[in-house]
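This report concerns only the one structure given below.
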Amino acid sequence: NFPSFEPLDIQVPNFPADETKGFHQVPFASILFIEKMDFKEEPERGYKRLAWGQPVGLRHTGYVIELQRVVKGPGDFVESLEVICRRADAGEKPKAFIHWVSQPLMCEMRLYQQLFQHKNPEDPAEVPGGFLSDLNPLVFNRTVTLKEDPGKM
């Protein structure tokens, strides 16, 4: 029950803590991607994100989604969620607002561990042997694939 046949353009602040730094447009369509941590079929006590009987707000949209159906694939893994989307009214305030992306761009991120073992590797008092002796022998990088909103490009 998406509110429009065409994707809507949502104004999202570049820096949510400081809206004076501008905005960018993000498409809001009937298919959304949310973080895996933002949904649990059997939530523990105190869980405030999307779950059965627990609607959540979609950040920056003014809309609330409520779970209707969980679609599972092989191995009983959740493949998708079907939700009802409705305009948030003044009387309804969801317990949480979650991040989402629609029509995402795929991007590759490289995550690195800390290069040095100490905070100040050039400080002779902290690292007497110099910064080269302070290299972290366990440094590795990991490449992960993310879905990013196209409004940031």
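The values are calculated or read from the model by the stated rules, or taken from the named source; none is laboratory data. Remember, it's a predicted structure, so these values are computed and weren't measured experimentally. All Cβ positions, glycine included, derive from the backbone under ideal geometry; neighbour counts span all protein chains shown. All accessible areas refer to the heavy atoms of the entire protein, side chains included, with ligands and DNA or RNA removed. Shrake-Rupley method; radii C 1.70, N 1.55, O 1.52, S 1.80 Å.
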Q. According to a simple spin-label model (label point 7 Å from Cα along Cα-to-Cβ), what is the distance in nm between residue 116 and residue 25?
A. 4.6
Q.
Suppose all protein chains stay in the model; what accessible area per residue would a 1.4 Å probe give for the stretch 1-103, in Å²?
A. 68
Q | chymotrypsin sites (Phe, Trp or Tyr not before Pro) within the stretch 78-152, DSSP loop, no more than 13 other Cβ atoms inside 10 Å | A | 140
Q: Put one equal scatterer on each alpha carbon of the stretch 1-64, apply the Debye formula with no solvent term, and list log10 I(q)/I(0) at q = 0.12, 0.29 1/Å to two decimals.
A: -0.42, -1.23
Q) Taking the Cα centre of each part, how many Å lie between the stretch 1-65 and the stretch 81-153? A) 19
Q: Convert 20 °C to kelvin, take the viscosity as 1.002 mPa s, use the Kirkwood radius over C-alpha pairs of the chain as Rh, and evaluate the Stokes-Einstein diffusion coefficient in µm²/s, rounded to a whole number.
A: 113
Q: Would you work out what percent of the accessible area of the chain, with all protein chains in place, is carbon or sulfur (probe 1.4 Å)?
A: 54
Q.
Can you tell me which of 80, 133, 30 moves the most in a GNM of the chain? Springs connect C-alpha atoms under 10 Å apart.
A. 133
Q.
Distance cut-off 20 Å, Cα to Cα: go down the list 72/93; 21/48; 36/95; 93/147 and report the pairs above it.
A. 72/93; 21/48; 93/147
Q) For the chain, which span is the longest to avoid every loop-located (per DSSP) member of trypsin sites (Lys or Arg not before Pro) having at most 16 other Cβ atoms inside 10 Å? A) 1-39
(Q) Could you tell me the relative contact order of the stretch 104-152? Use alpha-carbon pairs under 8 Å, at least six residues apart, and round to a whole percent. (A) 55
Q. Which value, in Å³ per residue, describes the convex hull spanned by the Cα atoms of the stretch 85-144?
A. 183
